[in-house]
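Each remark here refers to the structure printed beneath this line.
The values are calculated or read from the model by the stated rules, or taken from the named source; none is laboratory data. Because the structure is a prediction, the values reported are computed rather than measured. Note that we place each Cβ from the backbone using ideal geometry, even for glycine, and neighbour counts take in every protein chain shown. Note: accessible area is taken over every heavy atom of the protein model, side chains too, but ligands, DNA and RNA are not part of it. Shrake-Rupley method; radii C 1.70, N 1.55, O 1.52, S 1.80 Å.
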2 protein chains.
Amino acid sequence: MRRIERRDTDAALSLHSKVFEQLKNDILVGKYKQGESLNELKLSDEMGVSRTPIREAFRQLEREDLVTYTPNIGVVVRGFSAEDILDIYQVRLLIEGMTARRAAENITTELLNEMEETLELEKFYTLKGDAQQISMLDSRFHEAIYNASQSRMLIKTLKTMHHYVKHIRNISLSNPERAKNTYEEHKAIYEAILNRDRELAEILTEQHIRNASEYIEKHPLLSKTVD
Amino acid sequence: MRRIERRDTDAALSLHSKVFEQLKNDILVGKYKQGESLNELKLSDEMGVSRTPIREAFRQLEREDLVTYTPNIGVVVRGFSAEDILDIYQVRLLIEGMTARRAAENITTELLNEMEETLELEKFYTLKGDAQQISMLDSRFHEAIYNASQSRMLIKTLKTMHHYVKHIRNISLSNPERAKNTYEEHKAIYEAILNRDRELAEILTEQHIRNASEYIEKHPLLSKTVD
DNA sequence: ATTTTTATCATTGTATACAATAATACAAAC
DNA sequence: GTTTGTATTATTGTATACAATGATAAAAAT
């Protein structure tokens, strides 16, 4: 039983936001399995909060497509399948290239610095072999590109998919060779964006996604259903 | 033990769902303008419900990117700009073609019938010149393709964008010539999917989006900020 | 034994009460 | 006049109470 507590560091966040993050994570790591229905009273008891923030989190999970909701019955977990993962990479392949192109056009110096710093840290932890940190930095790198694209729809779409991607990445980046390749590919993309080379940024990004996708397809843990 | 089935005719929507639909619509038609903050108590008073369903609707609007939320302060309307509209059509151009391709591969007879019926009605109302109905049927046509694609991410992404698109369509389809062209283009796409011609379905859909986009760009009402 | 009905319980839906935080107005200090 | 501090008010955040609906089990009817 995990209780949600207010600490000084996250005092700004409201309970319903924390409940949302918690439930999202729990679903993604498989604590709640596909088809399982979530009970408001039980959850509020476990988390030490009332039903109100639980319900508000449910409405968010519903919009993020992580649960399905039926009036007077409640929410059941959707989880995601191997097909969903392939789906995500197909869609990413389609739109992340364009996002990188837009980033090359519109990126601010602030975000360029953010990317540079992220890359340096990524290099450091890749040498060190810290998969957890690498995965986190990978996310930061990609999100910087999303934000740089200046496209509201691309940002929203990619960020929504991203919480699925993060989960997958945790597995694929535990392979040191894939981690090293990822760093090299990121570096090349960064330089293309730095040089405002739209065409190259797009091509390299597409290749990067394709590589990640191919790695996943042949990975035994990920080619099977993940719920 | 008798199995109890839930018919979809007895919609019995919960209040928070209705509040969500209402607020979404109000934002899209411009009742609440960009930057305007939404007051829970005021809204619950106006709508004759308590704050609870209002807040739950807020959490949904937040996830749909229609408002921005700040803890302890509340939500403010995001609205959408001319750039956002161009954004939407650029992203649609990128992914609806692929969606149609997938639909051609995976569509069920049930959805084919749905498309056919939609098209017939569209023809009827186009001749009649009922812009309201045409717009609704246009949405139905595209959503049938989304659903046929069997891709969870494509469905989610496109449907999320779709509520913006619907609003734009209401304006562009009031032009009888554009309405007629739209019908012809839909019919061609339908036949490509019916014949399981992936390539053609993709190409025609891309062209269809491109046409719609071009019409919008030169439309005086839509080339300016719409909030 | 099976089905139907009825009663009971569990769970969700909504309203309201209270707590915590932010916004505002006003007064005091400089 | 501007700024700072403080009291007041408005608004959001959460918990709880009650209502409505669905699920379940027992009883009655066939």
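When chain A is treated as a GNM with alpha-carbon contacts under 10 Å, the residue of A:185, A:110, A:62 showing the greatest mean-square fluctuation is A:110. The separation of the stretch B:139-198 from the stretch A:120-194, counted between C-alpha centres, amounts to 34 Å. Residue-normalised convex hull volume from the C-alpha trace of chain B: 162 Å³ per residue.
Comparing B:176, B:71, B:53 in a Gaussian network model of chain B (Cα springs below 10 Å), the most mobile by mean-square fluctuation is B:71.
Entry for the stretch B:15-77 at q = 0.15, 0.18, 0.20, 0.29 Å⁻¹: log10 I(q)/I(0) = -0.37, -0.54, -0.68, -1.53, Debye formula applied to identical alpha-carbon scatterers, no solvent contribution. Cβ-Cβ distance of residue A:73 and residue B:199, R₀ of 35 Å, FRET efficiency by 1/(1 + (r/R0)^6): the value works out to about 0.25.
Sort the protein assembly as shown into rounded, prolate or oblate with this rule: let a ≥ b ≥ c be the square roots of the eigenvalues of the Cα gyration tensor; rounded if a/c is under 1.5, and if a/c is not under 1.5, prolate when a/b is larger than b/c, oblate otherwise.
rounded
When chain B is treated as a Gaussian network with alpha carbon springs shorter than 10 Å, the biggest mean-square fluctuation among B:173, B:158, B:121 belongs to B:121.
Give me the 1.4 Å probe accessible area per residue for the protein assembly as shown, excluding ligands and nucleic acids, in Å². Don't skip to the end; give the middle numbers.
Working: 22260 Å² over 454 residues.
Heavy-atom SASA per residue in the protein assembly as shown reads 49 Å².
One chain, two ends: residue A:52 and residue A:207. Fully extended at 0.36 nm per residue, the span grows by 51.3 nm beyond their Cα-Cα distance.
Pairing chains A and B buries close to 3600 square angstrom of accessible surface in total, based on protein heavy atoms and a 1.4 angstrom probe. Multiplying the residue separation of residue A:37 and residue A:81 by 0.36 nm and subtracting their alpha-carbon distance yields 14.1 nm. The simple spin-label model puts a point 7 Å past each Cα toward its Cβ; for residue A:187 and residue B:159 those points are separated by 4.4 nm. Ordered by 1.4 Å accessible area with all protein chains kept, B:165, B:49 run largest first as B:49, B:165. In chain B, the longest principal axis of the Cα atoms and the axis of helix B:15-28 are about 70 degrees apart.
Expressed as a fraction of 2.2 N^0.38 Å, the C-alpha radius of gyration for the stretch A:60-189 is 1.17. An ellipsoid equivalent to the stretch A:116-227, defined through the eigenvalues of its Cα gyration tensor, has semi-axes of 22, 17, 13 Å when rounded to whole angstrom and sorted largest first. Here the calculated FRET efficiency for residue B:18 and residue B:214, from their Cβ-Cβ distance with R0 = 60 Å, stands at 0.95, rounded to the nearest 0.05. Out of A:80, A:68, A:213, whose Cα points farthest toward the positive end of the dipole of chain A (charges: +1 Lys, Arg; -1 Asp, Glu; placed on Cβ)? Checking the options against the dipole of chain A, the answer is A:68. Per-residue ellipticity at 222 nm, computed for chain A from helices alone with -39500 (n - 2.57) per DSSP H run of at least four residues, works out to -23500 deg cm²/dmol.
Taking 28 Å as the limit for the C-alpha separation, the pairs B:128/B:156; B:31/B:218; A:24/B:166; A:18/A:159; A:18/A:42; A:24/B:42 exceed it in the case of B:128/B:156; A:24/B:166; A:24/B:42. Across chain A, Cα pairs under 8 Å and at least six residues apart give a relative contact order of 24 percent. Rolling a 1.4 Å probe over the protein heavy atoms leaves residue A:130 with an accessible area of roughly 50 Å².
Here the stretch B:51-153 exposes an accessible surface that is 47 percent carbon and sulfur, computed with a 1.4 Å probe and the other protein chains kept in place.
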